[in-house]
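This structure is in structure tokens; I'll ask about it shortly.
The values are calculated or read from the model by the stated rules, or taken from the named source; none is laboratory data. Everything numeric in this text was worked out from a predicted model, so none of it was measured. Counting neighbours? That spans all protein chains shown, and the Cβs are built from the backbone with ideal geometry, glycine included. These accessible areas exclude ligands, DNA and RNA; they are computed on the full protein's heavy atoms, side chains included. Shrake-Rupley method; radii C 1.70, N 1.55, O 1.52, S 1.80 Å.
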There are 4 protein chains.
Amino acid sequence: MRERFSPQKIVGVMGKGDRATALEIDQAYQLGKLIAENGWVLLTGGRNVGVMDAASRGAKSAGGLTVGILPGRDKNGVSEAVDIAIVTDLGNGRNNINVLSSDVIIACGIGAGTASEIALALKNNQKVIILTPNQVTIDFFTSLAPDQVFIAHHPQDAIAQCQALLDRAAPGGA
Amino acid sequence: MRERFSPQKIVGVMGKGDRATALEIDQAYQLGKLIAENGWVLLTGGRNVGVMDAASRGAKSAGGLTVGILPGRDKNGVSEAVDIAIVTDLGNGRNNINVLSSDVIIACGIGAGTASEIALALKNNQKVIILTPNQVTIDFFTSLAPDQVFIAHHPQDAIAQCQALLDRAAPGGA
Amino acid sequence: MRERFSPQKIVGVMGKGDRATALEIDQAYQLGKLIAENGWVLLTGGRNVGVMDAASRGAKSAGGLTVGILPGRDKNGVSEAVDIAIVTDLGNGRNNINVLSSDVIIACGIGAGTASEIALALKNNQKVIILTPNQVTIDFFTSLAPDQVFIAHHPQDAIAQCQALLDRAAPGGA
Amino acid sequence: MRERFSPQKIVGVMGKGDRATALEIDQAYQLGKLIAENGWVLLTGGRNVGVMDAASRGAKSAGGLTVGILPGRDKNGVSEAVDIAIVTDLGNGRNNINVLSSDVIIACGIGAGTASEIALALKNNQKVIILTPNQVTIDFFTSLAPDQVFIAHHPQDAIAQCQALLDRAAPGGA
């Protein structure tokens, strides 16, 4: 009898690189840890800075599996907490791959790159959870796609909403 | 003596496809016409709908040159007013090419795709002129990159600001 | 009555950059000149070296229009003979755009990059004219797709075959 | 004390989809199994046909981890033996990601798509092992880059050469 497999659930965590705040880095670490504890794969932009790095380290602290979608043409600058480094040589064009490959996207802080990822996800009819956004960010993205944007107030809240979205996407069970 | 050439100035006009409003389509047509009258090349997403198509038709009405960066794997669905059809097979990943190839970007209306293009342009340290945006759009993008976002109130205003940005980028003259 | 437009015919010329031979550069210049004289748009990889640069200069010598699909994230290194610089930030990933955007591809010399472009064109069911190839190159590509590979013995021969392929693709006339 | 991690070794197996021969499928399955037994991650084009599917199933039969780089805009058509599905929406443009992300590439059979991957790998200065190629394929690729092309006569031979290349790339040990 042939065993059945299927792709694992992937949760993308997006956020700033060099300019991430201490709060965003702390929240990204917690998100990564919770994602791993739920048995999901973490996907980030893969670099060894900011939210990408912190989320990946959080996931590894809980024994999770981490994927990094790198913008450059080799693995230079990859986070040491990335297990699977995907080398795209696409620059910011890789942002579309980040969102397309994620079953749910969590935005942890907002910069121009993260804004592009949220917008691409909405364009692709995907769901995005935005963690502790300011009001102008909420207003803007809900004006674009009110049914696809979810607001979370702390990492555990984001993960609970993520679980609900994954369950809704696969009603028969993961 | 060898003649000197250099790449032509390219102005990108971004906006909705199927869901563009009548006002946006009218403004896009005017933008395209004015871009052609200024001797610039028009670049759009290339499809035969909405802002892309209207801007291209406007540019052709004034004898301009039009470039379309298509998302699909062939020229199906290209606007008949596109002279140079670039076939990317990148889906929305082509949005990054739209902005990188444009010396200045003008957003004519806001949807998720256009929002991704504005955000990618800001991430790439480019300038964006947003035509008649609502307040939430102004607030959001100026919160991301206040020095890179310019607001225009009608097509002629957008073109005047575009001229100023192109002059600033090349102080020695176009 | 609304005037009818449609995308112009694009002929891609592919070949080596830094390592192009003097013969390849001479042939590329002639190809570019002949493409312009036929009223087609020339498309190349856009850089200011080798076959790309020579073909573009040839086309400009005859008043043609030239498109360059650049691999980097800005216009640095563009050939001064490129009119329309498309900035992709895709590295060698831009090779697929080179071939998809060309109605016919002419390979002028063979290196690894050009080989990838021929192979991608064949994969995309496109036609490729290879100019003065060695026997091993002929044998390899005709073994992959005998009906899509055409051999030319000098630039005028390549252009004659290009004309035939364009006519066949559009039997009603260009 | 902080634990040290680093990206895992990735071996890419490339080959035909729908037109793969029974021999190629058998060899791909063996390659996948051996890659998993060596503790490497398998990377393929991810679809549920041909060499991609067979290699992934072979790797899963030995408890390995499998990555699939999909050409489309969603996970439709993914092999059920792919653990990590990367959704690129790049069409054949994803071939460059396949090779850039692989520490070593093994070609199992030759079609136009695989030829583009070998050529892109050579262009990127990477090493490629070609399994049981015909003479014309050997002649062509060794004419392009003699120091980067390795010929294997059966799957175990390919894996032994792969091990040697990975050891050479990381002399201090994996």
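Could you pull the accessible area for D:Met14 with a 1.4 Å probe, rounded to 10 Å²?
Accessible area, nearest 10 Å²: 0 Å².
For B:Ala160 and B:Ser6, compute 0.36 nm times the residue count separating them, minus their Cα-Cα distance, and round to one decimal in nm.
So the extension gain works out to 53.1 nm.
Using alpha-carbon pairs under 8 Å, 6+ residues apart, how would you state the relative contact order of the stretch D:31-174 in percent?
17 percent
May I ask you to rank C:His154, D:His153 by accessible area, largest first, using a 1.4 Å probe over the protein chains only?
Correct descending sequence by accessible area is D:His153, C:His154.
Shifting gears a bit: Taking the label point 7 Å from Cα in the Cβ direction, how far apart in nm is A:Ala164 from each other copy of itself, listed shortest first?
Here the equivalent label points are 4.7, 5.9, 6.7 nm apart from this one.
Would you mind listing the distances between the B:Ile138 label point and the same position in each other copy? Use 7 Å along Cα-to-C-beta, nm, one decimal, shortest first.
2.2, 6.9, 7.2
Of C:Asp83, A:Asp74, which has the most accessible area and how do the rest follow, probe 1.4 Å?
A:Asp74, C:Asp83
Let me ask you something else. In vacuum, with every alpha carbon of the stretch D:106-174 counted as one equal point scatterer, what does the Debye formula give for log10 I(q)/I(0) at q = 0.19 Å⁻¹? Two decimals, please.
With no solvent term, the Cα-only Debye profile gives -0.73.
Then there is this: For D:Ile151, what residues show an amide H to amide H distance below 5 Å, using hydrogens built from the backbone and excluding near sequence neighbours?
HN-HN under 5 Å from D:Ile151: D:Ile130.
Could you tell me, in Å, what Rg and Dmax come out for the Cα atoms of the protein assembly as shown?
Here Rg and the maximum Cα pair distance are 25.0, 77 Å.
On the principal axes of its Cα set, how long, how wide and how thick is the stretch B:38-98? Give whole Å, largest value first.
That works out to 30, 20, 17 Å along the principal axes.
Follow-up question, since we're still on this one. Give the average, rounded to an integer, of partner chain Cβ atoms located within 10 angstrom of each Cβ in A:121-127.
Taking the mean over all residues of the peptide, I get 4.
Once the other residues with Cβ under 13 Å from the Cβ of C:Asn134 are scored (Lys, Arg +1; Asp, Glu -1), what is the net sum?
-3
Tell me which residues come under 5 Å, amide H to amide H, from D:Gly46 once H is placed; ignore anything under 5 positions away on its chain.
D:Ile69
Let me ask you something else. Can you give me the span-like helices of chain A, meaning DSSP H runs with 15 Å or more of Cα extent along the axis and Kyte-Doolittle mean at or above -1.0?
Counting only whole DSSP H runs, the qualifying helices are A:22-37, A:50-61, A:112-123, A:155-169.
Could you grab the Rg to Rh ratio for the stretch A:1-139? Cα atoms only, Kirkwood for Rh.
Rg divided by Rh gives 0.97.
Of B:Lys60/B:Lys127; D:Lys16/D:Lys123; A:Lys123/B:Lys33; C:Lys16/C:Lys60; A:Lys9/A:Lys123; B:Lys60/C:Lys75, which ones are farther than 23 Å apart at the Cα?
B:Lys60/B:Lys127; A:Lys123/B:Lys33; B:Lys60/C:Lys75
Short version: ³J(HN,Hα) in whole Hz for each residue of the stretch D:12-20, in order, from phi by Karplus 6.51 cos²θ - 1.76 cosθ + 1.60 (θ = phi - 60°), x for Gly and Pro, what are they?
The phi angles translate into x, 10, 10, x, 6, x, 5, 9, 4 Hz.
Tally Lys and Arg at +1 and Asp and Glu at -1 over the other residues with C-beta under 10 Å from the C-beta of D:Ala59: what net charge comes out?
Around D:Ala59, the charge tally is +1.
List the distances, in nm to one decimal, from the label point of B:Gly77 to the label points of the same position in every other copy, shortest first, placing each label point 7 Å from Cα along the Cα-to-Cβ direction.
1.6, 3.2, 3.2
Taking the convex hull of the alpha carbon atoms in the stretch C:1-63, what volume per residue do you get, in Å³?
Dividing the Cα hull volume of the stretch C:1-63 by its residue count gives 78 Å³.
Hey, another quick one. Residues with beta-carbon under 12 Å from that of D:Val104, excluding D:Val104: net charge, scoring Lys, Arg +1 and Asp, Glu -1?
Residues near D:Val104 contribute +1 overall.
Further, regarding this structure: Grab the residue from chain A whose Cβ hugs the A-to-C rotation axis most tightly, plus its distance in whole angstrom.
Residue and rounded Å distance to the axis: A:Leu90, 3.
What distance in nm lies between label points placed 7 Å from Cα along the C-beta direction at B:His153 and C:Asn125?
Each label point is offset 7 Å from its Cα along the Cβ direction, giving 5.4 nm.
Further question on the same structure: Taking trypsin sites (Lys or Arg not before Pro) as candidate sites, keep only those in a DSSP loop with at most 10 other Cβ atoms within 10 Å, then name the longest stretch of chain A containing none of them.
A:5-174
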